[in-house]
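Right, one structure below, let's go through it.
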Amino acid sequence: MSIYFVAKKGWRYDFTLQGRRQTEAWFKTKAEAKKAEAQKRKEMEQLPPAPAIEVQTQIGMAFLELVNRRLDHVKAHNSERHYNDYLYMAKRWVALWGNVLVTQITSDMLERFVLKRAKVSRATGNKEIRYLRATFNYGVRKKWLKENPTTGMEFFPVEKGVRYVPSADDIDRVIAVADPDTQDYLWVIRETLARVGEINQLTWKDVDLKDRHVVLYTRKKKGGSLTPRKVPMTEKLYEVLSRRFDVRDQTKPWVFWHNYWSSRTSAMCEGPYQDRKLIMKSLCKKAGVDYFRFHPLRHSGASVMDGENVPIGVIQRILGHENRSTTEIYLHAIGGSERDAMVAFEQARKKVTHKVTHKANDESTAVS
């Protein structure tokens, strides 16, 4: 993130070369910032290297530089969605502490910020703590600072309820009120049980209509490589993808893409979806069902398969989970084994109650 955009201000470059930090703001366009950065890099390359003094790095690093380096690391090692989440929060941090030295950021400063964010929701406050802690831990590992100011910060208690999983009928109703392209989008998520990010990045080279499967990619471990998995096509999925393939724009690699306005380039762009947070809210309202987002479609599909006695190991592979315990969280349906267990419990309880009642009656008769 050597070049970045700040709302209502403009573009700025910020990089470190040969131990020297260089930054300049505010450019009207990204192209101007890139040109200025390239010129500055050229000038810096002609200078002798700065002496590598670790103490100067620890004392002189601005929070903005730490955030930029952490963002570069996340972009290289994590998913695009994780990077976008990180970038979204990082912009808020930089607006507050961008020019503050990392050694001058205190636990008290962070506590006040997190408490304010927790007013949105406790989950929001906890997310800020996790990402800030990861940022400072990265600086500690790189020996750019000696301690993490988030150490000792406690997470907010969050009451966890039973996750709402829409019924098949509610999902059908939502799909029915969507436009044709969004209907296809929802059907593909529903029929693959994929994460929305996996479908956003789905390309035609990952779709095998002959063998009838799609290849989805996910990171099973933090910082790990993308891991592919094959998901067989249902008849519905084959019908949707075949139709889209026949009418596809051959210049676009993605199965789903759109034109959108980019605030970074101040121009119209085209590319895959990143997130579609608002669409489900409007569709659920239009369909007259309780609000749900894309992820519950995975939970719904997993519960349906579990109800049909599909082995949990198979469900785990389709969902792309590394751990069985994660898959078990997705199985919300009350299966036959749970019902049988409760029937057995009730029968056993009735036997005990019957024995106690019968004994009490016998003792009462004897006294009389």
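Readers should treat all values here as calculations from the given coordinates under stated rules, not as data from a laboratory. Bear in mind the structure is a predicted one, so any value in this text is a computation, not a measurement. Don't worry about glycine lacking a Cβ; one is built from the backbone with ideal geometry, like all the others, and counts go over all protein chains shown.
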Just to compare against my own numbers: the Cα pair-distance distribution for the stretch 168-293, 5 Å bins, whole % per bin, please. 2, 10, 18, 21, 19, 16, 10, 4, 0
For LEU101, distant residues with modelled amide H under 5 Å away: PHE63
Neighbour-limited loop hits for GluC sites (Glu not before Pro), the stretch 127-178 (at most 10 other Cβ within 10 Å; DSSP other than H, G, I, E, B): GLU154, GLU159
Strictly over 19 Å apart at the Cα level, which of LYS210/LYS236; LYS116/LYS146; LYS9/LYS30; LYS9/LYS34 would you flag in this model? LYS116/LYS146
Let's test the formula: R0 of 22 Å, r as the Cβ-Cβ distance of GLU24 and ASN84. What FRET efficiency results, to the nearest 0.05? 0.30
R0 of 45 Å, Cβ-Cβ distance LYS116-GLU45: FRET efficiency to nearest 0.05: 0.55
Projected onto the charge dipole of the stretch 3-141 (unit charges on the beta-carbon of Lys, Arg, Asp and Glu, signs +1, +1, -1, -1), the Cα from THR124, LEU71, ALA36 with the largest positive-side position is that of THR124
